[in-house]
Amino acid sequence: MSEAKTQVHALHGQKRRRALSEAAIRNITLLALIIGFSVMVQTVNDNFLSVANLRVIGLNISFVGIAAVGAAMVMIGGQIDLSIGSIFALSAVISALLAVSLPPLLAILLGVSAGGLVGLLNGLIVWRINISPIIVTLGSLTFFRGMVLILTGDSSVTGVDPNFTGLGRAVVFGIPLPVLLFVIIAAAATLLLAKTQIGLHIRAFGDDRHAAELAGLNGRRITLGLFALGGLMAGLAGVLAASRLGGASPNFAIGFELEVITAVVLGGVAITGGEGRMTGVVLSVILLGLVTSGITAMGLDPNIGRLVVGGALVAAVAINQIGQERHARRQRRQAMEEFAAEGGAAERLGLAVKARQDDAEGTRDGS
Amino acid sequence: MSIALQPATEPAFCCSGVTRFFGAVRALHDVSLSINRGEVVCLVGDNGAGKSTLVKVISGTLAPDDGEIVIGDRSYARYDMREAQRQGIQTVHQHLALCDKLSAAENIVLGREPAQLKIGPVTFVDRARARNIATESLAAVSATIPDIDVPVEKLSGGQRQAIAIARAVNAADRMVIFDEPTAALGIKQTQATLEAIRKVADTGLAALVIMHNLEDVFEIADRIVALRLGFVVADVPRSQISRAELAARMSGHE
């Protein structure tokens, strides 16, 4: 009896180690892919890992990465925002349009706020009419792209205040400011998710919304906050891109949402919510960024990048699914072992189970 | 222990004249109930007797059409789940309502996390204290979990039940409602749960337990309240009613 119990305890210990290593295995795999791929491209094109090229790659990564941090939060919270490509473009276009006549700082702030506002609107609709965020944000993906096209008259925005480019082109300690912002935001998000009350509430809400609300968590505030945060991050990415380029195009970031969501899922965030770490997301953003620019650097058709991003999304979902099935199998096996440990199997085999026999008989007599 | 600190005259929770219709059907008819601290009250009744409806009213998830809810010395006209929780009333739900991917410690403190550091709207959780609170709450109901840091989805049914009870004990300072706590458990786990319920009452909380199994009821109850067709048909100390009489009242064959 006690032996069986010890076994069960030992089993739990084992599981814990295995559960921990699942996230670690993913990160190590991603890191190996990053290094392997970089080396491969470098052998074809020895300019790939030059400081100048890494800076360009870093910039591209930071735009996707900042949006991906927000999208990962949204998904861990059990929601999804498909409209981030349009939010990116809207914020970029608004900040560029305003920067033609307004002070650059104001244009930047208003552009970023527009992203947060659209996110908040998405959240409000999702919460109020309680329908799938996929449908709501698919609608706003088209709606706000339309608004971008109308605002710009379907042509690029130019003639911004020269100081507007200060944000996107600034270099701090040799590192482009957008890259630095990405690093800071990713670190802050990691901390928020793992160590704070807000992070715990997001994870709880994404895991089991009903249970979280019964525990007294405010589902409305969490939903609105998540969408606003996701929108704010996409908006910031868009404004950084506009600032970098010194203007904005209405065709900015078409298909951006899929690139971001691919990175988030590849990074190990469960599409069903409740689970995920920022390290995985950051690593997969870096990997996808390297792949996209590496394909061009190797002189291949850049459209192959689409094949890779699309293929990676399916592969990532498949890997997560396989992980879940393995988990279900483990739970079934655990149930069987517990059953055996409690003497269920022994009883059915006609063996005496001494510990609880008297009690069990007493109970039977009573009924 | 803390029972003595409470004046015997003031119940932990009291409701009177509670009536609730579902369409033309009267699910609860002028139901009155009062529970003292340190007391285990079992609520019994056949299917459709109104047990669940009454529990929903008491836990604040369903508003009665008529009746009064009195907690302490105050009567609550607008009473909802939030108010119930504010007044220290917690429910252990039949399906436990735990977050599967969170650890036992995280589940137990969820919604009442101990703070370590506050920067604006961001509060850092004191994880060491959270683990202590979890261990203490589990100990208060005589439960041990081999590892309070693994996701609760990896634990057995009995362990998850213990976590749900510890969670309620940590959050409650007046009453814990148990909604069919033993419905899905085996003999051994049922015993452990009954012991845990007694421990909850021993800490000075009121315990309201909805139960089907009369054997368990007679083992754990200080007082038994029976419902039949929305009416209270018994509200007696356990020692003053026999199992046969209780069954007769519940089924109406007196």
### Query
Looking at (1) within 29 Å of A:Gln324 (Cβ to Cβ); (2) within 12 Å of chain A (Cβ to nearest Cβ); (3) open to solvent by 20 Å² or more (accessible area, probe 1.4 Å), can you tell me which one B:Gly120 breaks?
(1)
### Query
Quick check, is A:Ser50 under 14 Å from A:Leu240 (Cα atoms) and either among the hydroxyl-bearing types (Ser, Thr, Tyr) or at pLDDT below 95 (or both)?
no
### Message
Suppose the filter is open to solvent by 10 Å² or more (accessible area, probe 1.4 Å), charged (D, E, K, R) and over 14 Å from A:Ala72 (Cβ atoms); does A:Arg306 pass it?
### Response
yes
### Summary
From the option list A:Thr296, A:Thr279, single residue qualifying as closer than 23 Å to A:Leu49 by Cα, within 16 Å of the chain's Cα centre (by Cα), surrounded by fewer than 23 Cβ atoms within 10 Å (Cβ to Cβ) and not acidic (Asp, Glu) is A:Thr279
### Task
May I ask you to say which residue of A:Gly238, A:Gly216, A:Gly246 is more than 26 Å from A:Arg26 (Cβ to Cβ), touching a helix residue (DSSP H, G or I) at 6+ places or on another chain (Cβ under 6 Å) and either without any contact (Cβ under 8 Å) to a residue 40 or more places away in the chain or not assigned by TED's automatic domain parsing to the domain that holds A:Gly77 (or both)?
A:Gly216
### Query
Pick from the stretch A:202-220 the residues that are within 22 Å of the chain's Cα centre (by Cα) and at the interface with another protein chain (Cβ under 8 Å from one of its Cβ atoms): which of them is surrounded by the fewest Cβ atoms within 10 Å (Cβ to Cβ)?
A:Asp208
### Query
Could you say which residue among B:Arg167, B:Arg238 is surrounded by fewer than 21 Cβ atoms within 10 Å (Cβ to Cβ) and of a type in the set (Lys, Arg)?
B:Arg238
### Message
Anything in the stretch B:153-163 that is at the interface with chain A (Cβ under 10 Å from one of its Cβ atoms) and within 15 Å of A:Ala204 (Cβ to Cβ)? List them, or say none.
### Response
B:Glu153
### Task
Read through the list (1) within 14 Å of chain B (Cβ to nearest Cβ); (2) open to solvent by 30 Å² or more (accessible area, probe 1.4 Å), then give the number of the only condition that A:Gly273 fails.
(2)
### Query
Which of (1) closer than 17 Å to A:Ser249 by Cα; (2) of a type in the set (S, T, N, Q); (3) at pLDDT below 90 does A:Thr165 not meet, given it meets every other one?
(3)
### Query
B:Gly186 is checked against (1) open to solvent by 20 Å² or more (accessible area, probe 1.4 Å); (2) more than 9 Å from chain A (Cβ to nearest Cβ) and fails just one. What number does that condition carry?
(2)
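What residue, of A:Leu167, A:Leu151, A:Leu191, A:Leu180, is assigned by TED's automatic domain parsing to the domain that holds A:Val69 and touching a strand residue (DSSP E or B) at 6+ places or on another chain (Cβ under 7 Å)? Write out each step before concluding.
Details: A:Leu167 fails: touching a strand residue (DSSP E or B) at 6+ places or on another chain (Cβ under 7 Å); A:Leu151 fails: touching a strand residue (DSSP E or B) at 6+ places or on another chain (Cβ under 7 Å); A:Leu191 fails: touching a strand residue (DSSP E or B) at 6+ places or on another chain (Cβ under 7 Å).
The conditions single out A:Leu180.
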### Task
Just give me the residues in the stretch A:41-66 being open to solvent by 90 Å² or more (accessible area, probe 1.4 Å) and free of Cβ contacts under 8 Å to residues at least 24 places away in the same chain, in sequence order.
A:Thr43, A:Asp46, A:Val51
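Please go through the stretch B:64-104 and pick out each residue that is assigned to a helix (DSSP H, G or I) and either open to solvent by 20 Å² or more (accessible area, probe 1.4 Å) or more than 14 Å from chain A (Cβ to nearest Cβ) (or both).
Those that are assigned to a helix (DSSP H, G or I) and either open to solvent by 20 Å² or more (accessible area, probe 1.4 Å) or more than 14 Å from chain A (Cβ to nearest Cβ) (or both): B:Met81, B:Arg82, B:Glu83, B:Gln85, B:Arg86.
Restricting to the stretch A:67-114, name every residue that is of a type in the set (Val, Ile, Thr) and either within 11 Å of the chain's Cα centre (by Cα) or surrounded by fewer than 24 Cβ atoms within 10 Å (Cβ to Cβ) (or both).
Result: A:Val69, A:Val74, A:Ile76, A:Ile80, A:Val100, A:Val112.
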### Query
Out of the stretch A:133-175, which residues are open to solvent by less than 40 Å² (accessible area, probe 1.4 Å) and among the charged types (D, E, K, R)?
A:Arg145
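The values are calculated or read from the model by the stated rules, or taken from the named source; none is laboratory data. Here the structure is a predicted model, which is why all the values come from computation and not from measurement. Counting neighbours? That spans all protein chains shown, and the Cβs are built from the backbone with ideal geometry, glycine included. SASA here: full protein model, heavy atoms, side chains in, ligands and nucleic acids out. Shrake-Rupley method; radii C 1.70, N 1.55, O 1.52, S 1.80 Å.
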